[in-house]
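Some notes on the structure that comes next.
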Amino acid sequence: MTFEESRRLKELPPYLFAEIDKIIQKKRSEGIDVISLGIGDPDIPTPDGIIKELQKEAKNPRNHKYPSSYGMDSFKRSVADYYMQRFNVSIDPQTEVIPLFGAKEGIANIAYVYIDNGDYVLIPDPSYPVYAIGTMFAGGFIYTMPMEEKNDYIIDLGRIDVKIAKKAKIMHINYPNNPTSAICGLDFFNNVVEFAEKNNIIVCHDNAYADTYFGETKPPSFLNVEGSKEVGIEFYSLSKTFNMTGWRIGCAVGNKDIIASLGKYKTNVDSGVFNAIQYAAITALKDYEKYSSNNNLIYKERREITTSVLDDIGIDYYRSNATIYIWAKVPSGHTSKSFTQFVLDKADVVVTPGSAYGKQGEGYFRISLTIEDSRLKEALERIKNAL
């Protein structure tokens, strides 16, 4: 028997990181020692205190029943406390927070909440693929907003087609940025609020890398600027800050009406995040400074190790003090795909082609720093020798 997939599934491009995983598994099945610098999945273990809280609450029979899709009050209060301590932003835990199965789930599902067939969504280019994938599944049209290195990867809102802006329902933005590692200031967020108010657009800010930075300047929240709650929400993830990618826990915060609508959708498609995981997340958020500072010391050293080798090779890269990624230019004579294939064939190292993140990513590749130092050094030495 054959079963025909839906049109939307047929039209969906292969998911980048699933394809990377297939390549790695195939090589390893052939006995080849592949080192992956492709996926941003922290190698640092989840802190013991968070694990112990999960173990304790997992044994509590009260947590074995269906959780609420709207989340535990104590978890939502902890998110509000975190936002006040980290960003000096006041959040109403009852109306302005909802837990998610990681930020990815919320980013994908927000399209189903607001997008009908033919509606436009504004998406950065290059960008995390899920902004586009969620839009496609919901039947929306994608309008890309180019980000260029000469502008420090800050979106030029003035370049957005005026007619498209009036049709658009959602704008996705992401700083600190994946894949470029760029950060933005409050002036850009202020401009986004003004643009959204003018065009009646919902702003969805992906703040998954808020606590991964090096130096005294802390990346801001979109909610730091006046009027932000009137036009949008922010997705926050515990995955990278607390090394909890497999736990699947995050949240959306901001505009109460958008949060309520997202909750309305979620009550119909999921049954809420396991309460024991929410309790563990509370423990994480209470000590966010301790956990993030430990991680950032490690990532800072790995960034310095990597950029030192790139300097030796003569590969240019974007200078940044945030995220777990390095965004670099491919050597002369290569495209993004040809270079990543070259590195895979000649060095058995996986890096991500910039073109996989959009048209503007052509000519670049991304290195993830989520691998122990010794293996990172070996991977970089292999690339250096191959070149």
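The values are calculated or read from the model by the stated rules, or taken from the named source; none is laboratory data. Just so it is clear, the model here is predicted, and its values are computed rather than measured. When we count neighbours, we look across all protein chains shown, and the Cβ atoms used for this are built from the backbone with ideal geometry, even at glycine. Heads up: the accessible areas ignore ligands, DNA and RNA and are worked out on the full protein's heavy atoms, side chains in. Shrake-Rupley method; radii C 1.70, N 1.55, O 1.52, S 1.80 Å.
For a 19 Å ceiling on Cα separation, which of these pairs sit above it: 56/286; 104/290; 26/329?
104/290; 26/329
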Pairwise FRET efficiency - residue 117 versus residue 230, Cβ, R0 = 25 Å, nearest 0.05:
0.35
If R0 is 45 Å, what FRET efficiency do you get for residue 1 and residue 217 from their C-beta distance, rounded to 0.05?
0.15
Amide H neighbours of residue 119 at under 5 Å, excluding residues fewer than 5 places away on the same chain, with H built from the backbone geometry, are 141
Looking only at segment 238-279, which residues have a backbone nitrogen under 12 Å from a spot 7 Å from the Cα of residue 58 in the C-beta direction?
247, 276-277
Trypsin sites (Lys or Arg not before Pro) within segment 1-95: DSSP coil, no more than 12 neighbouring Cβ in 10 Å
59, 65
For segment 241-355, what is the accessible area per residue in Å² when the probe is 1.4 Å?
40 Å²
Kirkwood radius from Cα pairs of the chain plugged into Stokes-Einstein at 37 °C, 0.692 mPa s, gives D in µm²/s equal to 152 µm²/s
Cα coordinate range in segment 60-181, projected on the principal axes (Å, largest first)
53, 34, 24
What are the semi-axes of the equivalent ellipsoid of segment 148-220, taken as the square roots of 5 times the eigenvalues of the Cα gyration tensor, listed largest first and rounded to whole Å?
24, 13, 11
Taking the Cα-to-Cβ direction at residue 41 and at residue 73 and moving 7 Å from each Cα, how far apart do the two end points lie in nm?
3.8 nm
GluC sites (Glu not before Pro) within segment 104-200, DSSP loop, no more than 15 other Cβ atoms inside 10 Å:
148
For segment 72-83, take each phi angle, set θ = phi - 60°, evaluate the Karplus expression 6.51 cos²θ - 1.76 cosθ + 1.60, and give the result in whole Hz per residue in order, putting x for glycine and proline.
6, 4, 5, 5, 5, 5, 5, 5, 4, 4, 4, 5
Compute the separation of the alpha-carbon centres of segment 136-171 and segment 205-250 and state it in Å as a whole number.
21 Å
Could you state how much accessible area residue 269 has, in square angstrom rounded to the nearest 10, with a 1.4 Å probe and all protein chains kept in place?
80 Å²
Over the chain, what is the relative contact order in whole percent, taking alpha-carbon pairs under 8 Å and six or more residues apart?
23 percent
Long-range amide H partners of residue 102, meaning residues 5 or more apart or on another chain whose placed amide H is closer than 5 Å, are 249, 250
Taking θ as phi - 60°, what are the ³J(HN,Hα) couplings along segment 271-278 by the Karplus curve (6.51, -1.76, 1.60), each to the nearest whole Hz, with x for Gly and Pro?
10, x, 6, 3, 4, 4, 5, 5
Rounded to whole Å², per residue accessible area for segment 71-152 with a 1.4 Å probe reads 37 Å²
The chain - mean residue ellipticity at 222 nm from DSSP helices (-39,500 (n - 2.57) per run, n ≥ 4, rounded to 500)
-13500 deg cm²/dmol
Calculated on alpha-carbon atoms, Rg and Dmax of segment 1-78 in Å:
20.4, 52
Could you derive backbone 3J(HN,Hα) for segment 196-205 from the dihedral phi with the Karplus parameters 6.51, -1.76 and 1.60 (θ = phi - 60°), listing whole Hz in sequence and x where the residue is Gly or Pro?
5, 4, 5, 10, 6, 10, 7, 9, 10, 9
Express in nm, to one decimal, how much length is gained between residue 92 and residue 319 on full extension, taking 0.36 nm for each residue of separation and deducting their alpha carbon distance.
78.0 nm
Sorting 31, 155, 342 by the position of each Cα along the dipole of the chain (Lys, Arg +1; Asp, Glu -1; all at Cβ), the one nearest the positive end of that ordering is 31
At most 13 other Cβ atoms within 10 Å and a DSSP loop assignment: could you name the trypsin sites (Lys or Arg not before Pro) in segment 282-338 that fit?
319
Here D for segment 259-370, in µm²/s, from Stokes-Einstein with a Kirkwood Rh over Cα pairs at 20 °C and 1.002 mPa s, works out to 125 µm²/s
Here the relative contact order (percent) of segment 198-287, from C-alpha pairs under 8 Å and at least 6 apart, is 23 percent
Can you grab the distance from the C-alpha centre of segment 1-41 to the C-alpha centre of segment 355-375, Å, no decimals?
16 Å
Taking amide H positions as placed 1.01 Å from N in the peptide plane, with prolines and chain starts having none, which residues 5 or more places from residue 145, or on another chain, fall under 5 Å of its amide H?
123, 125
Members of 10/198; 229/300; 27/377 lying beyond 30 Å, as alpha-carbon distances in this model show:
10/198; 229/300
With a 1.4 Å probe and every protein chain kept in, tell me what percent of the accessible surface of the chain is carbon plus sulfur.
49 percent
